[in-house]
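Quick notes on the structure that follows.
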Amino acid sequence: MYLELYYQRFAELYRSRMRPGLSVSTEDLRALAKQHLIQLLFCSGTSGTARLWYCLRQGVRR
């Protein structure tokens, strides 16, 4: 339930900020939302800040 709400709100926000004429499928937006959520969870916690900076410096995608 909460995850579905997160996906919906993410898609609404993302679409509202897109350039006119661009089209992104719902599946692609769900995948992007999931990727962002995983990054957020990965970079939170006791050593989250260090992980975040490491990923930014190394260009690591998770």
| task | Exactly one condition in (1) over 10 Å from the mean Cα position of the chain (by Cα); (2) surrounded by 14 or more Cβ atoms within 10 Å (Cβ to Cβ) is not met by Met18; state its number. | result | (2)
| said: For Val24, only one of the following conditions fails: (1) touching a Phe, Trp or Tyr at 6+ places or on another chain (Cβ under 8 Å); (2) of a type in the set (A, V, I, L, M, F, W, C); (3) surrounded by 13 or more Cβ atoms within 10 Å (Cβ to Cβ). What is its number? | reply: (3)
| task | Quick one: which residue in Cys55, Cys43 is on the phi < 0 side of the Ramachandran plot, under 13 Å from the mean Cα position of the chain (by Cα) and at pLDDT below 80? | result | Cys43
| message | Restricting to segment 11-44, count the residues that are touching a Leu at 6+ places or on another chain (Cβ under 7 Å) and assigned to a helix (DSSP H, G or I). | response | 2
| Scanning segment 36-62 for residues that are touching a residue at least 24 places away in the same chain (Cβ under 8 Å) and within 15 Å of Leu3 (Cβ to Cβ), which turns out surrounded by the fewest Cβ atoms within 10 Å (Cβ to Cβ)? | Ile38
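The values are calculated or read from the model by the stated rules, or taken from the named source; none is laboratory data. Just so it is clear, the model here is predicted, and its values are computed rather than measured. Glycine also receives a Cβ, built like all others from the backbone with ideal geometry; neighbour counts cover every protein chain displayed.
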